[in-house]
Structures are given as structure tokens and as C-alpha cells.
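A short worksheet on the structure shown next.
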Amino acid sequence: MSFDRVAPHYRWLETVAFGQQLQQARIAFVRQLDAPRRALVVGEGNGRFLAALLREHRAVRVDCVEASGRMIVLARTELDDESRVDFIHADIQALALPDQSYDLIVTHFFLDCFTKETLAAVIAKLANSAAPQAQWLVADFCEPGKGWRHLRARLLIAMMYLFFRILAGIEAHRLFNYRPFLQAQGFILTRETLSPNEMIRSELWRCTLPPG
Ligand SMILES: C[S@@+](CC[C@H](N)C(=O)[O-])C[C@H]1O[C@@H](n2cnc3c(N)ncnc32)[C@H](O)[C@@H]1O
């Protein structure tokens, strides 16, 4: 899996396909966050969310784990000041994370890269690195319930999977529901919004488990 080939084209492709809807989903709840101090941003991509997070929360320090070196180069160009960010060029599955350390976890358009089995393991790993009461931001694609919107979304999502499987080598071939895995790790959904086309979901979760 590598997003290196896709990285230079990611932004314009996103704009052509979805306008500003993906970025709006990424930042939907940034202002509503309880001021984070230590954030883990996984699969950040080209840095647009990260720049917004740093602008909005002046005290936050970020560990940004990204498997694509070219995405990291792009993300660096988005930032005025990267002194509060540690870029970690790594596969999250192979990285050792500190226990109960981050009060914010961010996985935007990242969980959809994985099959069900990997998803469960990745979410468990990230949850283990979450501090008590941690917040977790997720933006991702979803399929509207029924009717023509459902068919249109299924077609578009199937095309995206084909594109990213061929060009980036992602393992997933369809969307899996990540919500039960977050719930199993003691997170509850506290805020949620849907894009106008009902294809993009933005969520804020919070950890409810006592310190272990
Ligand atoms: C679909 S892109 C999403 C990028 C961005 N977060 C967004 O909101 O558009 C998935 C990103 O996750 C990164 N990624 C995928 N699998 C990864 C892994 N196992 N470890 C770290 N990063 C990974 C890719 O390099 C890519 O930048």
C-alpha cells in the first residue's frame, strides 16, 4: 500500500469529485473540541486538516503518523509552523504507540482503507493509546439509506475503491462499519453530521472508559 503515486493529484481529484465537502467534513467539529493538548493524527494525507487543527488549538502538540512520504512533504507545505508537529513516516500497524497518552485521535478518510479484520485491530490499537475521556474525530464515506442517492453513492464509492486499490494498493474493496469497533473500545458518539449528498459523515466520539 502506498499513496505516493496518488499524493500529487489527491487535492484536485477531491475538489473535482466533491468540491469542499471533504474538507468541511474534516473540520466540522474542530471548534467544538475540548482544547486538546496531545493529538494523534493518523493517515493525515496532504495536511489540510492538520493546518486547521493547529490554527484552532494553539496548545496542541501533534504526532502525525503517515505511511506516504510524499503526503508528508505536501503536509509540511500546508503548515506555517511545524514546531508543534512530529511527522512519523510509518505504517500505523507496525508502530509502537504509547498507552493512554493522546486526548485527541483523528482518522479522516483512513478507516475506509482497511478490511474488517485489520480495522478491528487498528481501532483497538489506537483506542489503547487514547487517554481517559479522549476525543476521536472521524470523517468518512457512508451509503445513504435508499433510493437514487443510495445507488449513486454505491456507484461512486465502488469507483473510488477500484481507483485506490489499483493506484494505492489499499486492501479494502468496500466500506466496513467501523462504529461497532469504536463502541467496543468504550467510545460513544457525541456529535454527528452528514454532507448534503448524504455520502460523507463527520463524527466526534468520546472515550467513556475509566483509566485502566
Ligand atoms: C484516503 S487517504 C486520506 C487522507 C486524508 N486523511 C484525508 O482526509 O483525505 C488515506 C491516507 O492514509 C495513509 N495511510 C493508509 N494506510 C496507512 C497506514 N497503515 N499507516 C499510516 N498511514 C496510512 C495514506 O498514506 C493516505 O495518506
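A few remarks follow.
- Annotation note: of Leu97, Leu54, Leu104, the sole residue that is more than 15 Å from the chain's Cα centre (by Cα), away from the ligand (no atom under 11 Å from the Cβ) and either aromatic (Phe, Trp, Tyr) or not in a helix (DSSP H, G or I) (or both) is Leu97.
- Here Leu119 passes the criteria (1) away from the ligand (no atom under 16 Å from the Cβ); (2) in a helix (DSSP H, G or I); (3) of a type outside the set (S, T, N, Q) except the one numbered (1).
- For the residues Ala184, Ala153, Ala139, the requirement of being buried (at least 19 other Cβ atoms within 10 Å of the Cβ), away from the ligand (no atom under 16 Å from the Cβ) and of a type in the set (Gly, Ala, Ser) singles out Ala153.
- Of the residues making up segment 81-94, those that are more than 8 Å from the ligand (Cβ to nearest atom) and either in a strand (DSSP E or B) or closer than 16 Å to Ala39 by Cα (or both) are Glu82, Ser83, Arg84, Val85, Asp86, Phe87, Ile88, His89.
- Within segment 60-72, considering residues that are in contact (Cβ under 8 Å) with a residue 40 or more places away in the chain and surrounded by 15 or more Cβ atoms within 10 Å (Cβ to Cβ), the one farthest from the ligand (Cβ to nearest atom): Val60
- Any chance Arg165 is in a loop (DSSP other than H, G, I, E, B), without any contact (Cβ under 8 Å) to a residue 40 or more places away in the chain and surrounded by fewer than 16 Cβ atoms within 10 Å (Cβ to Cβ): no
Read-outs throughout are calculated quantities, based only on the coordinates presented, and are distinct from any laboratory measurement. Since this is a predicted model, take the numbers as computed values, not measurements. Note: ideal-geometry Cβ built from the backbone for every residue, glycine included; neighbour counts use all protein chains shown.
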